[in-house]
Amino acid sequence: VAFAYAIEYQKRGLPHAHTLLILDQGINPDHVDEYVSAEIPDPATQPELYKVVTSCMVHSPCGTATPHSPCMKEGACEKGFPKEFAAETTMAVDGMPKYRRRSPADGGRTFTKRMRDSGGRFSDVVIDNRWVVPYSPYLSKKFDCHINVEFCHSVRSVKYMHKYVSKGHDCATFS
């Protein structure tokens, strides 16, 4: 029924959009997993989505192994990766969900990604669901690119999103 978005220009002038969608009928927190996922899809049944998620929706491993990653601030990832494994999606006190991220022992998937370390050497890193950025399977397949999707249902989280999309100079659009 309503939307707000802001477009900011990142490094090299690439556009980056922040969009808040307000739905006519809300999504029950029990149904979040139908719209937002933070897991590696099955490559046998969803090969297109698997390709997008493994190439575009993985936060490159950071931490002690790669302390010079851009996301590292004061010895920790500022984005909170790696996330904790979770058997089901739950709503945190702050209104943001802790998405289902099954461990390999509980049926979660892994894949191997070739990465370059700070010394320029290549190594194979096993990626699991702790490194997956939340995404919409529908939008990821449709646009074949990185689209981070978050479910917001508390006043605090919606207030944060409104602040985020309207930050900066006159660049926000509301309808």
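The values are calculated or read from the model by the stated rules, or taken from the named source; none is laboratory data. For clarity, every value in this text was computed on a predicted model and none was experimentally measured. All Cβ positions, even for glycine, are placed from backbone atoms using ideal geometry, and neighbour counts span all protein chains on display. To get the accessible areas, we keep the full protein, side chains included, count just its heavy atoms, and leave off ligands, DNA and RNA. Shrake-Rupley method; radii C 1.70, N 1.55, O 1.52, S 1.80 Å.
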Practice prompt. Considering (1) part of a loop (DSSP other than H, G, I, E, B); (2) free of Cβ contacts under 8 Å to residues at least 60 places away in the same chain; (3) under 20 Å from PHE151 (Cα atoms), say which one ILE27 fails and leave the rest.
Written response: (2)
Worksheet item: Counting only residues that are assigned to a loop (DSSP other than H, G, I, E, B) and open to solvent by less than 90 Å² (accessible area, probe 1.4 Å), which one in region 45-58 is nearest to GLY119 (Cα to Cα)?
Response: MET57
Worksheet item: Out of region 59-78, which residues are loosely packed, with under 14 Cβ neighbours inside 10 Å and part of a loop (DSSP other than H, G, I, E, B)?
Response: THR64, ALA65, PRO67, HIS68, PRO70, GLU74, GLY75, GLU78
